[in-house]
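Every number in this text was worked out from the coordinates using simple rules, so none of it is lab data. The structure presented is a predicted model; accordingly, all values stated were derived computationally and were not measured. Cβ atoms come from the backbone with ideal geometry, glycine included; neighbour counts cover every protein chain shown.
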């Protein structure tokens, strides 16, 4: 009982101290004796091994500071020697390893002890754990050669252990610590110059598969650490490919890949013949063979690695797509070959003849090689594998290889097109993406295009949109192809009207890529007639717009085309150019002036006049320092207006313009707030007027958060300025509160908090302080010692004068800056039919939104639902709901669950997207959190949110439940 | 007995196997431990009721649960056609099918069943049709794998066959496609879908004659998912009867299907067709596009032929033959290009509809067979279920590439295989540990010599240390010593000679313990060397080397060393 009490006393003592440690550094040391002492007492008290284990587990939950680690380690070791129970020793050994990882603690002092106890240990499990500890120690001290050498010796000694666990750990140790230079350490002793590779290589033939795997992994580890593996292990690794165990084979495939990347050009003999081939080709053949392995894990591994073997000769590469078909010993052409022939003979596949695929020439039975013809047909197998994981890996590999070899790209096209019909949507999507990536290298034949376009009818939106993107960058060879594509896209449009934007965009690129192919189609598409006028089509018909988009974009580089247009086409052009300017380019039309500024694309953006304008107007603002307040305000207002308009006009400058405008806005607010005449009025009278100033402070705060978190590409120098602005806003807030509140007590807290903020600012941006000459914070820091000691009233007074005196900081413009934006596509908010559901139950609302320039949307983007009663609900979408269709773009497709009590009539709820931020994320974490064993969950708390999309209204109606 | 099938081509006694091969006379049960059925196709299970009920067998029949469920349906159907339609007598009855099925024991995938105290069987997935399995049959350390029919490429509803590296003594594999390497199935599927889609869009009707089980389900899934993906509205029909029952079982045995169906059945069972409805005779005259699956598969009779006659006249329509057609059937005629058919009653039917052929077959091709052999690593391969000429080619390839013996026996031929059964020998732990302690690194390449005594007692073998063996058998130990005299030309004194021998050995045998004893002898480990002057020639010394049997290796080495003489002493 007494002991128990004592323990509690200790515990409480520790707790109290830990709370204080954040504030002052001095008291920290007090924890050192207590921590180890508490442990000591606990362990002495433990009567049974189970008890001791419990204490150790409890101990492990709390972090240990670097200073007290050594004490704790000593106590643990002491108990280790005394302990008879293997499980407790095991736990102690694991604790030692964890403790030695503590940052700021140098573990070389415990190494001797660890090696000592290793020698006397009998239990295999404890041995393995101890070796693990040594590994932790060794990795902590990477530059200490002597220690590494010693550890390697220890590992070598235990390699002969009978337990696989121990051998495993030894090999791991060797892989992680084995010396990289063989000859560098001859002076130490003969033992030191062990050839680590040879030792590890010997264990490739261990009797235990786990040890074999560990040996290969250790070898890979050596490679990762920069040691050049010897070529001799290639043969050993090849033997392991036929191992009985999948994990061994899987690791061996990796090893072979590594060697093939190291020695691609060396020559290896082909067994049972006199020929020799390049090593990379041989390895390629072997890995290809593994694509038809029995275990799917190995198949995935092999298929993935194939993609990165770009040095392989094209002859081998092309074999992977060739299966050498035969039927009754006669050579047969594949369906792909037949399709190609039919196409070149100008005839489509009839398929009407039974004997269409009848085998042709006889095959010499001796020449047929049914297996092991190396790479033969590897991708054919991979692409029709049972597991979709393998198929996806194969498609990815195809993509990578095709990107590096145009001739291969041409060949693999047929197979990729086939994958468009896979049963799993992910695979289909992946193959469409792949095709897009390699589309520079290929031109689609008409029959291939036909198959591709058939997928446009897919009911999955993702697939269709991916296909539109693919069509954007596809080369089509004939005008029939273009026509076919257009017809299919229009069919798609009528079937799925929601695809409108995507289809228009697709046609835009299709048109601008193939002007000469579109030209002969124009009369037909516009249904013009040489003699007769035809009826004017409906301007609002999306299909007609689609056709026009195609034609206008083709006309951009084809000056003869406008001659074919009829009158109304010109009118429609003018209309579309205005309403859909992102889709319709400026055209040189006869008799018309070129609409809008003819910005020829070869002018670099920095020579751009609008860029210049931006620069100039900003400089004008920054140059004013001592203008009269009225003039400053006006100039700021005008500049803000100019910038905002500029952002609207020039989409590529929108980010910069908005960013600067926001900053100026903040400045303007600050100036206005300080200009208030009533600053000098006595406090009691001031109450009402303070609204404006405090509102300004609040708004500045909001704007600075927006500036910091809503723009991508913000650099550190901007962050400083933003934080500085925020600091000013906080100062303003403090002043306003000081003026409006009576009594001094609340002010004390506020002042202290503010000074902490200043201190924090200084710590975070110490490197940037020299740039902030003459600024608010510069002056503030000068006066810091005085502020610390003075009373709140005085602080406020100082702040007030300083705010007035401080100069306006120049905001350097970042290179690339984009404002995060989001558009909710679905729900569209147009429906008049309320979504009905029973109250108390939930209804799922599909939300589909595009996000642009959002960094890490998985953790920052939230959905907010506002109910009419003011209740707000924040929803965190799953990470899997975000797709990434292109750089800087994201797509959120998720479901939001709504629920409410019964309403009497339908009402609208608002759905919007929020960007969550947490400004504390920039603070460096305290060291022990990283090192501690059970590091407390890194707080992902949200400090605030910024709405960044237009709200959409959804009509819902929760009905009362029927009784 | 592996499988119990029937021959489709005969209608007399020859359709069932001649079971007297097994028995000569007497009951089958005395000769067979069990019967294993690989899958429900009639050429693999058709004779089962005849065998068990009419010939008489009471032992267990093993099959997988889907086979057990579907097999009786097919048998019943077969019986109906044979008895009710063709009016055959002396055929098995419904009751016999029921009685036969009562003897069936279900085996699950990878489950090891102990048939009796020696024989054990284990099932592996085989693809091909629902519930098809390969069986490993094992007695002691000897085993046989029988593949039945299998498929190494997955299809829309079934996965690929898989076997672990079980290294059987014999692999019995089917070889239907011994000389064929097939094209990617994707092209076939795409062609099929494209043809159906085009016809339907044109407003035409598509007829697909199928057999009720197997391919039919694959094509259904294919069309169903395509309809789903493309949002098509045209109706798909399936002729009723047998298929409905079978579809029910397909829904139940989800674990036997492929990855896609297994993973998605929680949301929706793929065999619960949304677009495919039951067919009614009246539907054939409905206007507008439709797709109909109808039995039987070769257009020789029944519903498929009826529909064909109705639709043949319209060029917008299409018939797709998804499989092989036997000569003489309507299916074969139209596939070979005949456009005018004579029907019964001297009617002439003009075929205007499009005719397509599409091979959806679920047997492993030559590459697949080789792949399976590679996976299982058998010692011998035996080819069955194929044509002799094609097998010959495959046999040659197998022998060439795997260097294993391959056999292809004709019907009734017996093959005898030599095997080298391994005999387990127990080793005493003490001996093993002692040996382990001596050796250092494990090295698989070098065999290690281990000394001990093999005791054979009551048909079990034990390896024990010799001391223990002596103790157990109550024998006294005899010491066996070898002694050898080596003559050395050395004029010096005996002691000096001994010293020279000592220093010589010491310098050569670094890792052995060489000692010079005070009584003037030298020991190397336990080998004793003494020197004496030759009785006649004082210039020659005689070295007496003596060692025990256990040190034979070192002893003989030492004598050979000494026989070479001593190095010239530095004078």
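Restricting things to Cα coordinates, could you compute the convex hull volume per residue of the stretch B:430-563 in Å³?
Dividing the Cα hull volume of the stretch B:430-563 by its residues yields 162 Å³.
What FRET efficiency would be calculated for the residue pair residue A:768, residue A:791, taking the C-beta separation as r and a Förster radius of 35 Å, to the nearest 0.05?
0.65
Sort the stretch A:698-842 into rounded, prolate or oblate with this rule: let a ≥ b ≥ c be the square roots of the eigenvalues of the Cα gyration tensor; rounded if a/c is under 1.5, and if a/c is not under 1.5, prolate when a/b is larger than b/c, oblate otherwise.
Verdict is oblate for the stretch A:698-842.
Of all beta bridges DSSP finds with both residues in the protein assembly as shown, what is the antiparallel percent, to the nearest 5?
65
Could you order peptides A:219-226, B:216-223 by the average number of other Cβ atoms within 10 Å of their residues, highest first?
Output ranking for A:219-226, B:216-223: B:216-223, A:219-226.
In terms of the Cα gyration tensor, with a ≥ b ≥ c the square roots of its eigenvalues, is the stretch A:229-277 rounded because a/c is under 1.5, prolate because a/b exceeds b/c, or oblate?
oblate
For the stretch A:839-913, take the alpha-carbon Rg, divide it by the Kirkwood Rh, and send me Rg/Rh.
Rg/Rh: 1.04.
Mind checking B:184-195 for the average number of partner chain beta-carbons within 10 Å of each residue's beta-carbon?
6
Express as a percent, rounded to the nearest 5, the fraction of DSSP beta bridges in the stretch B:203-351 (both residues included) that run antiparallel.
Antiparallel bridges make up about 20 percent of those DSSP assigns within the stretch B:203-351.
By count of other Cβ within 10 Å, fewest leading, how are B:540, A:451 ordered?
Least to most surrounded, the residues fall as B:540, A:451.
Cα centroid distance between the stretch B:210-254 and the stretch A:451-497, in Å?
The two parts, judged by their Cα centres, are 29 Å apart.
Output the peptides B:528-538, B:415-425 sorted from most to least packed, where packing is the average of other Cβ atoms within 10 Å over each peptide's residues.
Highest-to-lowest ranking by the protection proxy: B:528-538, B:415-425.
Want the number for residue B:553 to residue B:89: 0.36 nm per residue separation, take away the alpha-carbon distance, what's left?
158.9 nm
Checking a compactness column here: for the stretch B:185-357, what do you get for Rg(Cα) / (2.2 N^0.38 Å), N being the number of residues?
Rounded to two decimals, the normalised Rg is 1.03.
For all pairs of alpha-carbon atoms in the stretch A:442-588, what percent lies in each bin of width 10 Å, listed from the first bin to the last filled one?
Bins of 10 Å from zero give 12, 44, 35, 10, 0 percent of pairs.
Pop the C-beta distance of residue A:536 and residue A:446 into the FRET formula with R0 = 22 Å and round what comes out to the nearest 0.05.
With a Förster radius of 22 Å, E is 0.10.
Out of every Cα pair in the stretch A:400-485, what percent are spaced more than 15 Å from each other?
Across the stretch A:400-485, Cα pairs with separations above 15 Å total 53 percent.
Using alpha carbons only, how many angstrom separate the centre of the stretch A:42-61 from the centre of the stretch B:451-527?
Each part's Cα centre sits 56 Å from the other's.
May I ask you to order A:247-253, B:390-396 by the average number of other C-beta atoms within 10 Å around their residues, highest value first?
So the peptides A:247-253, B:390-396, ranked by packing, come out A:247-253, B:390-396.
For every helix of n ≥ 4 consecutive DSSP H residues, a contribution of -39,500 (n - 2.57) applies; sum these over chain B, divide by its total residues, and give [θ] at 222 nm rounded to the nearest 500 deg cm²/dmol.
-9000 deg cm²/dmol
How far is it, in nm, from the label point at residue A:889 to the one at residue A:407 when both lie 7 Å from their Cα along the line to the Cβ?
3.5
Within 10 Å of each Cβ in B:253-264, how many Cβ atoms from other chains are there, averaged over the peptide?
Across B:253-264, the average partner-chain Cβ count within 10 Å equals 2.
Which order results if B:6, B:456, B:54 are arranged by neighbouring Cβ count within 10 Å, fewest first?
B:456, B:54, B:6
Once the Cβ-Cβ distance between residue B:327 and residue A:498 is put in as r, and R0 is 60 Å, what FRET efficiency do you end up with, to the nearest 0.05?
Working from the Cβ atoms, E equals 0.65.
Across peptide A:418-426, how many C-beta atoms of other chains are within 10 Å of each residue C-beta, on average?
Across the residues of A:418-426, the mean count of other-chain Cβ atoms within 10 Å is 5.
Would you kindly calculate the translational diffusion coefficient of chain B, applying Stokes-Einstein with the Kirkwood radius from alpha carbon pairs, for 37 °C and a viscosity of 0.692 mPa s, and quote it in µm² s⁻¹ without decimals?
109
For the stretch B:88-175, take N as its residue count and report Rg(C-alpha) divided by 2.2 N^0.38 Å.
Scaled against compact globular proteins, the figure is 1.30.
Please quote Rg/Rh for the stretch A:466-508 to two decimal places, taking the Kirkwood radius as Rh and restricting both calculations to Cα atoms.
0.95
Using a/c under 1.5 as the rounded threshold, could you call the protein assembly as shown rounded, prolate or oblate? The axes a ≥ b ≥ c are square roots of the C-alpha gyration tensor eigenvalues, and prolate needs a/b larger than b/c, oblate otherwise.
Taking the square roots of the gyration eigenvalues as a ≥ b ≥ c, the protein assembly as shown is oblate.
How large is the Kirkwood hydrodynamic radius of the stretch B:146-241, counting all unique pairs of alpha carbons, in Å?
For the stretch B:146-241, inverting the mean 1/r across all distinct Cα pairs yields 16.2 Å.
For A:275, B:189, which order do you get if you count the other beta carbons within 10 Å of each Cβ and list the fewest first?
With the sparsest Cβ surroundings first, the list reads A:275, B:189.
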